[in-house]
Amino acid sequence: MMNLQDLSFRLYALGSHPAFRRNPPAVLGRAATWALHCLLGVPARARFRRWRMTLHLPAKWRGGGSTSPYLFREDYEPELLLLERFLQPGMTFIDGGANTGVFTFVAASLVGSSGRVIAFEPGTDCFAALTQSRRLNRYEHVTLCNQALSNQTGKARLFHHHDQANSYSLGGEGSSTVSSEEVKTTTLDYIVAQEQPASVDLVKLDV
């Protein structure tokens with residue numbers, strides 16, 4: 001249950017966000033719609049008009065990979081605009097820790113069908129969302145890897161931060177109150193050797 005201090009922090013973060021300051025009614029309307037999705041447990045779709053792509057988002061209220069992209073869209077994170085500076089059609093982008101795919105599919109729109117996007121996401125729910133988003137956008141040039149990037153191939157235990165299915169950490173060993181899942185690990189060198197892109201132009205890591 002959310003306490004008063006947590007609620008105050010969330011309201012402050014919402015009110016100070018650039019997307020809210022630019023268009024409060026739009027963000028508040030999305031917040032109400034998103035709350036309904038979460039209450040009913042129904043996934044939502046968020047359209048990013050600037051990049052002409054759509055995200056399939058699991059209805060996870062506390063999961064940053066769903067709530068913030070749904071509310072703020074193109075203003076989700078300022079680093080998204082950096083992709084426009086560095087990516088051009090035909091380039092290859094690697095997304096380590098794709099979560100629900102904001103960076104993955106913005107990059108896919110920018111590099112176009114002549115480029116490549118290779119995205120890594122070990123979490124079950126997030127990977128399922130990525131698969132749905134790839135289908136929605138018909139991005140055949142996006143390769144999804146249901147693995148965690150590591151220094152070796154093998155297996156690891158992925159813990160759900162705050163017990164959320166789309167917010168992860170490799171920390172948390174020894175805690176019986178935190179849910180987790182076993183995931184496969186791989187190395188970037190191995191996947192690049194397997195996929196053989198013409199080049200690797202930009203790598204984003206959120207791991």
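Overview of results
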quantity: Residues being open to solvent by 30 Å² or more (accessible area, probe 1.4 Å) and part of a helix (DSSP H, G or I) - total across segment 131-160; calculated: 5
quantity: Some residue of segment 46-58 being modelled with pLDDT under 95 and over 30 Å from S114 (Cα atoms); calculated: no
quantity: Any hit, segment 110-130, residues being crowded, with 20+ Cβ neighbours inside 10 Å, among the hydroxyl-bearing types (S, T, Y) and in contact (Cβ under 8 Å) with a residue 12 or more places away in the chain; calculated: no
quantity: Failed criterion for R50 (all others in (1) without any contact (Cβ under 8 Å) to a residue 60 or more places away in the chain; (2) on the phi < 0 side of the Ramachandran plot; (3) open to solvent by less than 50 Å² (accessible area, probe 1.4 Å) hold); calculated: (3)
quantity: Answer residue from segment 108-134, given it is hydroxyl-bearing (S, T, Y) and in contact with a Gly (Cβ under 9 Å, 6 or more places away or on another chain) and is farthest from S179 (Cα to Cα) among those; calculated: S114
quantity: Among (1) modelled with pLDDT of 95 or more; (2) within 24 Å of E79 (Cβ to Cβ), the one test that L158 misses; calculated: (1)
quantity: Scan of segment 76-99 for residues that are open to solvent by 50 Å² or more (accessible area, probe 1.4 Å) and either closer than 17 Å to V200 by Cα or of a type outside the set (D, E, K, R) (or both), ordered by number; calculated: P78, L81, L82, E84, R85, F86, Q88, P89
quantity: Test: residue in segment 22-42 that is of a type in the set (K, R), closer than 14 Å to R73 by Cβ, more than 19 Å from the chain's Cα centre (by Cα) and loosely packed, with under 13 Cβ neighbours inside 10 Å; calculated: yes
quantity: Positions within segment 48-94 being part of a strand (DSSP E or B) and either hydroxyl-bearing (S, T, Y) or more than 17 Å from D125 (Cβ to Cβ) (or both), in sequence order; calculated: F48, M53, T54, T92, F93, I94
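The values are calculated or read from the model by the stated rules, or taken from the named source; none is laboratory data. Since the structure is predicted, the reported quantities are computational estimates derived from the model, not experimental observations. Positions of Cβ are backbone-derived with ideal geometry, glycine not excepted, and every protein chain shown enters the neighbour counts. Keep in mind that these areas ignore ligands, DNA and RNA; they rest on the heavy atoms of the full protein, side chains included. Shrake-Rupley method; radii C 1.70, N 1.55, O 1.52, S 1.80 Å.
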